[in-house]
Each structure stands twice: as structure tokens, then as C-alpha cells.
Amino acid sequence: MLRFAFNRVASANMSVKSCADLAARRSFSSSMVVPAAAPAKPVKKKIRQGYTRNTNASGKAKKGGMTDMKFRDAVRGLGYEKYAPSLSNLHLETLNEKAVGTNKVTKFSSKSLAKLVSLETFKKFQHVEMFSEPVSLVTQNTHNIHANFLSKLNDAKSPRLCLLGEKGSGKSTLIAQTMALALEQHNHNIVLLHIDHPEQIVNGTSDYIFNSKTKQYQQPMFTKRWIEKVRDANKDVFQQLKLSRDVSFVTDKKEHQLKKDENTVYDFVANNADFAKQGSSGALQFLIEELQHHSKTTPVLVSIDNFTGLINDPVSKYRHPDFTPIHFTDFEMGSFALKVANGEIEFAKGGVLLSSSSDNRNAHTLNVALGLEQYDPYYKNEQCDVEVVEALLKNGGIANYSLTNLSKDQARELLTFWESAGVLQLRDYVRKEKKFQMSELASQSNVPQVHVEAEELFEKTVQNYFTLSSGNVGGLVKAANFLY
């Protein structure tokens, strides 16, 4: 009681200053200081896949470049040929039988060019985009193909030929020339079946499904795209070929019944969707049999560019259900290409033209099949497929022709055309008449200069480019300076 009373008296007697000090001490605290909340950021609304933002916003999106492709792809992908100068003032001859022995740069007829473009005959690294339309130089190779291959398309036994040559020697160009000459020779009454990239059959870029009826794998999208190209290129011919038998099929829940001698082959390929349908009813086989039937009057020319892209890697990137690799002969289109090449699928009139490639130098399948080298029993299966070799040796085997490089006169003719077309850049240079001292060279204005004449400069360019390329067309293109 006394202690409590004393505390009360002491508290009552505290000075005002002491109370102020106590209040000041009580204002401090050791608890954590909580900062003020930051203003909330606007929440970005998620955009569902397949939808785009409102483009009416005030801010404009920054435009990117013309393309994200590299130069070699861009010059082809951007369609430079649309802006290239016209070649009408050069008065080029049309590629036909009369122009075979001229050794001149020629153009394709408009009708033939449309068919070659539909079949995608021209590859993107052939630099056809340099001109407003594709052109080609007639060489000794063209003359030999015309004499030894095109002249035999109407023979009882169809010729089968494989083009050989180093990279850039002009094999793809010669195939295009052969197809154009065949069209002109037969007044466009000839069927063209061209496979431009057969390696797409085995490189794993297409869908595939097993067909229990044919016991083969189908590639619906690859086959569909190929049929579309063949249909567009041969429309005028297919419309003249009457069906040899009745056929019925269903497309988009609509039944089509085509009659013999009434409907045409074009009616079949234009309306039938079984080429791209899983579990096809044999549409491709039916088309081939119809072309074989009509080949007695209408020749069929089959061309396969880069045939080695198919047989050099016979084991494809695709897999069976048990995950074992699939051989290319188990595919519908792969089997068709091989049977055409070895003559198992033969047309009464026509021919088969193949081309090789040197991309895979470890592959020996084609060389052994053509008799260019002996089979080595130590070859691995991926180096030389014995089954493919035996298949290619059937029916007398395949003949071969090795392309020759350009002569110096032919290289001069090609460079002359490039200069006239405005795609060859000739760089003038200066040469000194005599040697000067360093003090004289210090002042460029005192150095007498002589400019090389245009004819002399062009001749030096021909000599330099021909030496660098050794007459190889692809090397000549790389050596020359082009203004894209």
C-alpha cells in the first residue's frame, strides 16, 4: 500500500519536461516499417490462340525487313524476275528442233514454259530469277540428248537414260530442255510426269499411312501435290484421253460415276480425291494404267531430277509401328519411281530420263547399277543397296550420259548474253604505263593512266571466268558479278 501510494505521488509530481521526454521515447518503435503500396500495373489480357489484338490502337507496329531469308533464298523467294528487264529487244530464238545445233541462248515457248513452271522444273538455285523469263544455252549436250534420246521416244522399246555430271554441270537445265524439245517435237501431244524433289519421299517431311489393300505406305499430301502439278501441266492432253473403262469414286460425300469412252482422264484426276485420302482405292494405279493404255498414241515422258536423292538413302526417316526404319520401296511413290526407272512400269511410247547428284559421295548404288564401278562386298547397306542395284539392272539396265562442260566459245556466248541482258558487271580498272618512284606515286594526279578498252576488258573477263570455272555453268554463274 505504501509503495503504491508513493508511486502515485511521484507520478503526480513529474515535471512537464519529463513527460515530454517520455512521450518522445514512446514514439520510437522497433517494429518493421511497411512501405506504401505501389500503384497497380494494368493487367495484360491473355490472347487466345487463333485471335489477334485490335489493330485500331493508336500506336503503330514497327515494320520489319523485306524477308528473313538468306540472300540465296531471298533472290528467288521475292520474285525478282518480275522486276528484271525484258528480253524482247534481244530477239532470242525459241528452243525447238531447228535451234538444237546453234550453240545460242534460247528461250522457251510460252506454252512450253507454262507447263515447265507448273511441274516446278526450274530449281531455285539455277538463278532463273536474273531474267524476266527462263532461258538456256544450247550446247553439245543438248544436241546429243536430241539425237540419242528424243529421237527414240516413238521406238518399240522406250529409252531409259541417266544424266551424270559434277555439281553445276547443267543436268537440271538439260532435263528442262529435253522436256521442252519433246513438247515441240510432238506438238504438245505428250504426257509429262516429272518428279522434281524425290528426296522428299524419304526425308520425313510428309505424313504417311499404311494401306492394308496395297500393302504399302501412302503419303497423301506429297501424292496430292504431285498429282496437282501433273494435272495442271497436262490438262490439254488429259482432256483428249478417253477412259478405257468405267470407274466410280466418292469425293466430298458425292459419288462420281465416270463412263468409258465418254469421260476423260482429266475428269478423273480433277474430281478424284483418293490420291490424298487415307486408305486409297488405288487411284494412282488406275491413272498409270490409263496412261499405259493411251501411250500407244500419246507418248509419256517420265523425268526424275536428283534420282540419287531417293536411292542413296534407301532407308527412310519414317518408322514402322515397331519403330524399325521403312525402306523407300515400301512407299507408293517410292515404288512407282523405282519401277519406272527399271522398266517394270513401261509405256508403249515415251522414255525415262534420270539425273544423278554428287551430294552423297559415300553412296555407290547408282554407280554399281550403271556399271561405272565394281561392287565391293565390304560396302555397308547404306553405301550400296544390293536389292536396289538388282532392281535397276532389270530389263537391260539403264544407259548413262556424262555431261561435258562449256567450251571457251560457249562461255563467251553466255557471257555476251549476260552483258546484253544487263546482269553482268564489268569493272573497269586502271593499269600503269611504266614503273614510278614512290615519290611520284604519292601524288595520284601525276600518274599517267590508261583505261582498258571495252572489248579488251570483256575478253579478259571471259578468260578469267572461264579459268575459274573450267567451263562449269554453275561455277561460271558464281564467278560472274551479277547485279540483283
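Which trypsin sites (Lys or Arg not before Pro) from region 340-400 combine a DSSP loop assignment with at most 13 other Cβ atoms within 10 Å? When the trypsin sites (Lys or Arg not before Pro) of region 340-400 are filtered for loop state and at most 13 Cβ neighbours within 10 Å, ARG361, LYS380 remain. The heavy atoms of ARG319 present about 90 square angstrom of accessible area, all protein chains included, probe 1.4 Å.
Over all Cα atoms in region 203-267, the spread is summed up by Rg and Dmax: 14.5, 41 Å. Between amide H atoms placed 1.01 Å from N, distances below 5 Å from GLN216 occur with ASN211, all of them 5 or more places distant or on a separate chain. Once you divide the Cα radius of gyration of region 171-211 by 2.2 N^0.38 Å, the number left is 1.67. Around the amide H of THR106, modelled in the peptide plane, lie the amide H atoms of SER136, LEU137, VAL138, all under 5 Å away and 5 or more residues distant in sequence or on another chain.
Dividing the mean sequence gap of close Cα pairs (under 8 Å, 6+ apart) by how many residues region 145-217 holds gives a relative contact order of 18 percent. So for region 372-417, taking the charge dipole from beta-carbon charges (+1 Lys/Arg, -1 Asp/Glu), which of LEU372, THR416, VAL389 sits furthest toward the positive end? Among LEU372, THR416, VAL389, the one farthest towards the positive end of the dipole of region 372-417 is THR416. Semi-axis lengths, largest first, of the ellipsoid equivalent to region 65-170 are 29, 18, 13 Å, with √(5λ) applied to each eigenvalue of the Cα gyration tensor. For region 313-351, chymotrypsin sites (Phe, Trp or Tyr not before Pro) meeting the loop criterion (DSSP other than H, G, I, E, B) and having at most 12 other Cβ atoms within 10 Å: PHE323. Judged by the gyration tensor of its Cα atoms, with axes a ≥ b ≥ c, region 138-277 is oblate; a/c meets the 1.5 cut and b/c is at least as large as a/b. Ignoring solvent entirely, what values of log10 I(q)/I(0) come out of the Debye formula for region 246-396 at 0.09, 0.10, 0.21 Å⁻¹ when each Cα is a single scatterer? For the requested q values the scattering log ratios are -0.39, -0.47, -1.31. Using Cβ point charges alone (K and R +1, D and E -1), the dipole size of region 233-297 about the Cα centre works out to roughly 20 debye.
If you place +1 on the Cβ of every Lys and Arg, -1 on the Cβ of every Asp and Glu, and leave all else neutral, what size is the dipole of region 207-343 about its Cα centre, to the nearest 20 Debye?
100 debye
Quick check on my link table: of LYS253/LYS277; LYS242/LYS349; LYS167/LYS317; LYS124/LYS229; LYS111/LYS277, which ones sit more than 22 Å apart, alpha carbon to alpha carbon? From LYS253/LYS277; LYS242/LYS349; LYS167/LYS317; LYS124/LYS229; LYS111/LYS277, over 22 Å: LYS167/LYS317; LYS111/LYS277. Evaluating 6.51 cos²θ - 1.76 cosθ + 1.60 at θ = phi - 60° for every residue in region 188-204, the Karplus couplings come out as 6, 9, 8, 8, 10, 10, 10, 10, 7, 10, x, 5, 5, 6, 10, 8, x Hz, glycine and proline recorded as x. For LYS394, the aspartates and glutamates whose Cα comes closer than 16 Å to its Cα, not counting residues fewer than 8 places off in the same chain, are GLU344, GLU346, ASP385. The amide H of ALA363, built 1.01 Å from its N in the peptide plane, has no neighbour under 5 Å, considering only residues 5 or more places off or on other chains. Using the alpha-carbon positions of region 258-345, Rg (one decimal) and Dmax (whole number) come out as 15.7, 47 Å.
Legend: residue pairs LYS380/LYS478; LYS115/LYS380; LYS171/LYS460; LYS82/LYS339; LYS213/LYS260, Cα-Cα distance threshold 31 Å; pairs beyond threshold, LYS380/LYS478; LYS115/LYS380; LYS82/LYS339. Within the shell of other residues whose beta carbon sits under 10 angstrom from the beta carbon of ASP261, the net charge comes to +2, with Lys and Arg scored +1 and Asp and Glu -1.
Stokes-Einstein diffusion for region 353-421 at 10 °C, viscosity 1.306 mPa s, with a Kirkwood radius from C-alpha pairs, works out to 107 µm²/s.
The values are calculated or read from the model by the stated rules, or taken from the named source; none is laboratory data. This one's a predicted model, so the numbers in the text were calculated from it and none came from an experiment. Please note: Cβ atoms are built from the backbone with ideal geometry, for glycine as well, and neighbour counts cover all protein chains shown. The protein model used for the area step is the full one, side chains on, heavy atoms only, and it has no ligands, DNA or RNA in it. Shrake-Rupley method; radii C 1.70, N 1.55, O 1.52, S 1.80 Å.
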